[in-house]
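Each remark here refers to the structure printed beneath this line.
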Amino acid sequence: MFHKVLIANRGEIALRIQRACREMGIPSVAVHSTADAEAMHVRLADESVCIGPAPVRESYLNMPSILSAALITGADAIHPGYGFLSENADFAEMVEAHGLAFIGPAPEHIRMMGDKIAAKTTMARLKVPLVPGSDGEVQSLEEARAVAASVGYPVLVKAAAGGGGRGMKVATDPAGIEEAWRVARAEAKAAFGNDAVYLEKYLDRPRHIELQVLADGEGDVVHFGERDCSLQRRHQKLLEEAGSPALTPAERERLGAVVTAALREIGYRNAGTLEFLYQDGQFAFIEMNTRLQVEHPVTEMVAGVDLVREQIRIAAGEPLGYGQADIRLSGHAIECRINAEDPETFLPVPGRVSAYHAPGGLGVRVDSALYAGCEVPPYYDSMVAKLIVHAPDRPAAIARLRRALDEFAVIGIKTTLPLHRRIIDDPEFQAGTYTIHWLEKFVGRGNPPPA
Ligand code: ADP
């Protein structure tokens, strides 16, 4: 097992990983920018290193600085969390080249899945169903027109290097394809430095359903059921559930069998999530994330597993030690992302938290680095807390969530808490019939929460 783990992240996920290390008896090292010197992940750390100024390029994305921090403190492994360097194959390679373990997949798999076109090509070869669309990259506007005509409008132009919902544009008819093509490419170039795009049929009422997997790279691959992440705005998730209100046990099993067979075939190692759109009883793969996801806690709650601990064990070379038959899913879990943002415009609103009270009680978990008096800096992601509840069934989970949301107080900054309170009281949410387009309509039909 590792002697010391450096956590190359900040906020709630840095704390989450620190907690797993501590329970495993492994000392950990926190890194931070100058803006985060007083952050909770630093205050609770065994030791910490300042890796640069506030802008992410100079700190949390600064590979030489992070690697130096690991070498200076004698860490023998690095956990990247999510975001930042977690899906950077060059960083994983650099870590390994310096004799440290990267707590994540092999660089070749990060690279393969980081290019969404390569990911889709690989999944097609492994008999995983895809969203209909272009066969690889679309090289010209003429080709985009031809593909759109053959799959049928509406279509989505998507960036090969896309992430976080950026570089994605819909064309509803032939008149809109030129603009979608131009804007998606420009956005992709600006955000990712790569303007390669591909085309997909734009599904009108899908759910976003993703499968959590763990693999030890030695042939053992298991899944922990699905998460339903259909509640999104601007293609970004806001509330996630495990399991999906829409899936039958037979469908879960069918999807799990396809996915685990595919990952076994490519020799995948560590944690991963395969994302699908699900409509009319059909699954269609959209992408794979080769890292821990923000919403992993809902899976942990229903499966009774510590996914970060499993990631660390696998990276240290331990076999999985259990099979699919050993995995039991029980009850229902829901996660709300609490973002420091204006509830009407969804724009980030940083500031100082003057008072803070987190809910508690049976089946309630809060993953957050907030504390009374802390400063939410403007430089980083606006998500400041995750509220997760677990109960024997979905109605009980919603009742528990309502109770926990009412207890939750974050004073001094605007957050998405009021929006969550309204969502869970909506009859369509309670019926579980929502699709990926539901939340934007909900907010748009005069339901923005009071500020
Ligand atoms: P990103 O990596 O930027 O998150 P994804 O490919 O995972 O991009 O898609 C993000 C979200 O965008 C999906 O969860 C879904 O809501 C929407 N989306 C993606 N592809 C399609 C599609 N073909 N049809 C309809 N919605 C889509």
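The values are calculated or read from the model by the stated rules, or taken from the named source; none is laboratory data. What you see is a predicted model, and the numbers here were worked out from it, not measured in a lab. All Cβ positions, even for glycine, are placed from backbone atoms using ideal geometry, and neighbour counts span all protein chains on display. All accessible areas refer to the heavy atoms of the entire protein, side chains included, with ligands and DNA or RNA removed. Shrake-Rupley method; radii C 1.70, N 1.55, O 1.52, S 1.80 Å.
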Two-site label geometry, residue 322 and residue 379: point separation in nm, points 7 Å out along Cα→Cβ: 4.0
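Give me the Å³ per residue figure for the convex hull around the C-alpha atoms of the range 132-201.
Numbers: hull volume 4.7 nm³, N = 70.
Spread over its residues, the Cα hull of the range 132-201 gives 67 Å³ apiece.
If r is the Cβ-Cβ distance from residue 150 to residue 428 and R0 is 30 Å, what FRET efficiency results, to the nearest 0.05? Spell out each step's value before the answer.
Working: r = 34 Å, r/R0 = 1.15.
The value I calculate is 0.30.
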Return the Rg/Rh value of the chain, two decimal places, where both radii are evaluated on C-alpha atoms and Rh is the Kirkwood radius. 0.94
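Could you give the accessible area per residue of the range 220-340, probe 1.4 Å, as a whole number in Å²? Mind showing how you got there, number by number?
Details: 3760 Å² over 121 residues.
Accessible surface, normalised per residue, equals 31 Å².
Can you give me the Rg/Rh ratio for the range 268-394, using Cα atoms for both radii and the Kirkwood formula for Rh? Don't jump to the answer; show the numbers that get you there.
Values: Rg = 17.7 Å, Rh = 17.4 Å.
So for the range 268-394, dividing Rg by the Kirkwood Rh gives 1.02.
Summarise the accessible area of the range 279-321 (1.4 Å probe, protein heavy atoms) by the percent that is carbon and sulfur. Intermediate values should be presented prior to the final figure.
On the way: 500 of 1190 Å².
Solvent-exposed carbon and sulfur of the range 279-321 make up 42 percent of the total.
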Highest mean first, how do 365-375, 102-112 rank when packing is the count of other Cβ atoms within 10 Å averaged over residues? 102-112, 365-375
Taking only Cα atoms of the range 5-103, radius of gyration then Dmax in Å: 11.9, 33
Counting alpha carbon pairs within less than 8 Å and at least 6 residues apart, what relative contact order, in whole percent, applies to the range 241-389? 20
The relative contact order of the chain, taking Cα pairs under 8 Å that sit 6 or more residues apart, comes to a percentage of 14
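As a test of the formula, what do you get for the chain when each DSSP H run with n ≥ 4 contributes -39,500 (n - 2.57) and the sum is divided by the residue count, at 222 nm and rounded to the nearest 500 deg cm²/dmol?
On the way: 15 runs with 151 residues, N = 451.
Taking each H run of at least 4 residues, the total per residue is -10000 deg cm²/dmol.
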Kindly flag which residue pairs out of 158/237; 169/237; 4/189; 4/414; 4/237 have an alpha-carbon separation exceeding 29 Å in this structure. 4/189; 4/414; 4/237
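Out of the trypsin sites (Lys or Arg not before Pro) in the range 376-451, which ones are loop residues according to DSSP with at most 15 other C-beta atoms within 10 Å?
Working: sites: 386, 400, 402, 403, 414, 421, 422, 441, 445; in loops: 414, 445.
Sparse-neighbourhood loop trypsin sites (Lys or Arg not before Pro): 445.
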How much of the pair distance distribution for the range 207-446 lies past 28 Å, counting alpha-carbon pairs only, in percent? 33
Testing the spin-label approximation: label points 7 Å from Cα along Cα→Cβ at residue 46 and residue 282. State their distance in nm. 5.1
Of 347, 156, which has the most accessible area and how do the rest follow, probe 1.4 Å? 347, 156
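Scale the Cα Rg of the range 170-277 by the rule-of-thumb value 2.2 N^0.38 Å and send over the ratio, two decimals.
Working: Rg = 17.2 Å, N = 108, 2.2 N^0.38 = 13.0 Å.
Relative to the rule-of-thumb radius for its length, the range 170-277 sits at 1.32.
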Solvent-accessible area of residue 322 with every protein chain in place, 1.4 Å probe, in Å² to the nearest 10: 50
